[in-house]
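Down below is the structure, laid out as structure tokens.
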Amino acid sequence: MSEAIMYEKIGDIAVLAANNPPVNALGLAVRQGLVDGIERAEKEGAKAVLIYGEGRTFFAGADIREFGKPPAEPFLPDVCTRIESSPLIVVSALHGTALGGGLEIALGSHYRIAVPKARMGLPEVLIGVMPGAGGTQRLPRLIGIDKSLDVITSGRQVGAAEALELGIVDRVEDGAPREIGLAYAQELIDANAPRRAISEMAAPEPVDFDALYDAVLKKGRGQLAPAVAVRGIQACCELPFAEGMKRERELFMELMATDQRQGLIHAFFAERAVGKLPELDGVEPRQLTAIGVIGGGTMGAGIATSALLSGLRVTLIEMNAGAAEAAKGRISGNLQGALKRGKISPAQFEELTEKALTLATDYSALSDADLVIEAVFEEMGVKKDVFTKLDAVCKPGAVLASNTSYLDVNQIAACTSRPADVIGLHFFSPAHVMKLLEIVVADKTAPDVVATGFALGKKMGKVSVRAGVCDGFIGNRILSKYRTCADYMILDGASPYQIDAALEKFGFAMGPYAVGDLAGLDIGWAVRKRKRAEGMDPRARDFTYADKLCEAGHFGQKTGKGYYDYAAGARARVPNPDLMPLIEADRKAQDLTPREFTEEEIVRRYMAAMVNEAARVVGEGIAKRPLDVDVTLLYGYGFPRYRGGPMKWADMQGLDGLLADIKSWAKDDPYFWEPAPLLEKLVAEGRNFDDLNKDAS
Ligand code: NAI
């Protein structure tokens, strides 16, 4: 008998206890152990079987160590079927997280009991596949089409209370899973309860599955897995159970062969690898209990909100009492949102706004802060003034961080007497929502300060990426390049609306011009003005239409007009009629004859500009690995996760073809399209970005 499943008989109940730390993943030994355990229980004359997990969880899911290897028998769907077909009553007692195959084992059982903190779900679509061990065949029979559609196509985790409401579990009870499971199984035996196989229940009546498929595909912006999972649910409703299981397997295998699955698996592993850096090995972060935030505008208020929600005490400094009051209003507004969504209780709201948060106008209030994040105006002079003051008041060892988007963190550090304590912590707007945190390591930043940045990110539930110092770090530097590429396409004949549509079809949450309107066109205007003042390279192309929009007071959504006209609401996407004449004037002034762009060319150029700049960012060591770029774009810039990130996308396209395109465009614009040395090197060596990720791991 396998060690991974421990067998014990207690009275009439055979107990199968999973013992495969850390998460009781459903590896080969566990699957075999379950089949053996059921057989032994039947032979030994048990009346019921209890399945539960030792340690912190029920089966958390498939064993990721077996990913990519040929599957070994017994396969999971057969294990579930074997459990279900037992003449004994089978009970699963759930605690921890019962995900994917874990929940499918529970659905193969006849009764399910869970502890109140248990969570469950079928998250397969999140890695580009779908439930493959009966999840799409059993769940709709148990809870109907609508509810199972939500659970399966979202891949979300469902808490025990909701699972009870949905009908996924039969009972929720506090206690040790073994104890509540035993008591429940005994109760079922005593009551002479029937064996209750879900596969024998009637399937729901079919609905218009073609319409459902289209709707799910649209909602996922082209993501296939949730839509294909709809076909699984359809099979449940239209085919006998055994045939439905076969269909589920075929659909599963179809998804296994897609680029989208590769992209999502890459994203899954990249996200886990991003915080693993040799420079952090064995380095302890500094203490983090109380933090300071300077500036309570858009970003400062968001950062303060995120810090409060993660349990930190926050002191926020503003310029005067009025600004401090306004900042408090913003933070309360953000926390109201958390209260509405049930993330915090009214008592916690009170505690966070009245006790954990202190507003001040005097920097001396920061004397006991462990870390201070500056989020004042984006001007070097103002930043230097703030850091000089921080240097004077903060305790030794306090981490001094800037949320600057573009400015040189080395220069900021140099105006203090403690540059080793200075770091960039670049949050994204809205800072209490967006998951990305760029941790910008300056020349003199101490390793434990970097570790503290990562510790803060973890506390706040962020995905943190290490970046080096340059204009715009990883994300904004790459963004400015592909945005420029889009701007050039406009000069050459494309319209902003065509570009937005093409990129949204590619899978971006929003096209670049809709994003510009949302973020505020004044931001880009300020950057362009700064760059012109610093002196632009004479080989760079320039244009005035975007400045003219701003000069006319059109900053996007907040002023009602930008690239689009918002009189009819943001969703209407009505073009601003004033814009095209401005663009045409630029074209005329530069003697350009507009030409046609296909959707395909728009995407190809935009992506090539992104990948080429990203290759420079990696080549220069600003990002340590290609995967750091991928995670940055996925979490901060709306890049479609199912494409894995720009570097993964480039690998899947083939770097040689991409380089050939870049070289052909360079004939017209050698300055903009100069190939990145790293891209040329990889192509010459026949390697790709993922090889670099592997070199670094
Ligand atoms: P904002 O203009 O909304 O807020 C700045 C706040 O700082 C204002 O409330 C102002 O009263 C306060 N302030 C200015 N000087 C101060 C001083 N000496 N002491 C105390 N408070 C002072 O600006 P926003 O958008 O919040 O940006 C702040 C920083 O965050 C900038 O460096 C910006 O580049 C960066 N950032 C902005 C993002 C965005 O999307 N808005 C995204 C990521 C970073």
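Structure notes:
- Out-of-range pairs (alpha-carbon distance over 30 Å; input LYS384/LYS624; LYS328/LYS395; LYS328/LYS389; LYS531/LYS694; LYS219/LYS667; LYS340/LYS481): LYS531/LYS694; LYS219/LYS667; LYS340/LYS481
- Here's the list of aspartates and glutamates a cross-link from LYS558 could span, going by alpha-carbon distance under 15 Å and ignoring same-chain residues fewer than 8 apart: ASP517, ASP522.
- For segment 5-260, with +1 on Lys and Arg beta carbons and -1 on Asp and Glu, the positive-most of GLY159, PRO204, PHE241 along the dipole: GLY159
- Residues with amide H under 5 Å from that of ASN576, placed H, sequence gap 5 or more: TYR564, ASP565
- The angle between the Cα long axis of helix 209-219 and the main principal axis of the chain comes to about 40°, on a 0 to 90 degree scale.
- Annotation: amide H-H contacts under 5 Å for THR358 (H modelled 1.01 Å from N, sequence separation of 5 or more, or interchain): VAL314, THR315, LEU316.
- Hydrodynamic analysis of segment 475-696 uses the Kirkwood radius over alpha carbon pairs. Inserted into Stokes-Einstein at 20 °C and 1.002 mPa s, it gives a translational diffusion coefficient of 118 µm²/s.
- Under the Karplus curve 6.51 cos²θ - 1.76 cosθ + 1.60, θ = phi - 60°, whole-Hz ³J(HN,Hα) for segment 375-381, x wherever Gly or Pro sits: 9, 8, 4, 7, 9, 4, x
- For GLU438, net neighbour charge (Lys/Arg +1, Asp/Glu -1) across residues whose Cβ lies under 12 Å away: +3
- Each part reduced to its alpha carbon centroid, segment 513-591 and segment 416-451 end up 31 Å apart.
- Over the residues of the chain, the helix contribution to mean residue ellipticity at 222 nm works out to -15000 deg cm²/dmol, using -39500 (n - 2.57) for each DSSP H run of at least 4.
- Note, ³J(HN,Hα) from phi for segment 362-369, Karplus 6.51, -1.76, 1.60, rounded to Hz, x at Gly and Pro: 10, 4, 4, 5, 9, 4, 9, 5
- Rounded to the nearest 20 debye, dipole of segment 475-604 from Cβ charges on Lys, Arg, Asp, Glu: 440 debye
- Its relative contact order, with pairs defined as Cα atoms under 8 Å and 6+ residues apart, puts the chain at 9 percent.
- Cα lying deepest toward the dipole's positive end in the chain, options GLY68, PRO131, GLY556, charges on Cβ: GLY556
- Whole-angstrom gap from segment 592-647 to segment 7-50, using each part's C-alpha centre: 49 Å
- Equivalent ellipsoid dimensions for the chain as semi-axes, Å, which come from the Cα gyration tensor, largest first: 49, 32, 24
- Only Lys, Arg (+1) and Asp, Glu (-1) charged, at Cβ; segment 237-340 dipole about Cα centre in debye: 400 debye
- Projecting the Cα atoms of ALA446, LEU521, GLY472 onto the charge dipole of the chain, computed from C-beta unit charges around the Cα centre, puts ALA446 farthest toward the positive end.
- Beta-bridge orientation, the chain: approximately 25 percent antiparallel, per DSSP, counting only bridges with both partners inside.
- Debye, to nearest 20: dipole size of the chain, +1 on Lys, Arg Cβ, -1 on Asp, Glu Cβ: 600 debye
- Compared with the dominant Cα axis of the chain, that is its longest principal axis, helix 76-85 is turned about 30°.
- Whole-number percent relative contact order across segment 5-260, with pairs defined as alpha carbons under 8 Å at least 6 apart: 18 percent
- Hull volume in cubic angstrom per residue (convex hull over the Cα atoms of segment 5-260): 112 Å³
- Accessible surface calculations at 1.4 Å, restricted to protein heavy atoms, place the chain at 41 Å² per residue.
- Rolling a 1.4 Å probe over the protein heavy atoms of the chain, with every protein chain left in place, gives an accessible area that is 53 percent carbon and sulfur.
- Per-residue accessible area (protein heavy atoms, 1.4 Å probe) orders THR484, THR593, THR353 as THR593, THR484, THR353, starting from the largest.
- Relative to one another, the C-alpha centroids of segment 255-328 and segment 355-386 are positioned 17 Å apart.
- Other-chain or far-sequence residues with amide H under 5 Å of LEU94's (modelled H): ILE113, ALA114, VAL115
- In order along segment 546-556, the Karplus-derived 3J(HN,Hα) couplings, from 6.51 cos²θ - 1.76 cosθ + 1.60 at θ = phi - 60°, round to 5, 5, 5, 4, 5, 4, 7, x, 9, 9, x Hz, and Gly and Pro are given as x.
- Cα long-axis angle, helix 259-273 against the chain (0 to 90 degrees, to the nearest 10): 80 degrees
The values are calculated or read from the model by the stated rules, or taken from the named source; none is laboratory data. Every value quoted in this text rests on a predicted model; they were computed, and no experiment measured them. When we count neighbours, we look across all protein chains shown, and the Cβ atoms used for this are built from the backbone with ideal geometry, even at glycine. Surface areas here come from the heavy atoms of the whole protein model, side chains and all, with no ligands, DNA or RNA. Shrake-Rupley method; radii C 1.70, N 1.55, O 1.52, S 1.80 Å.
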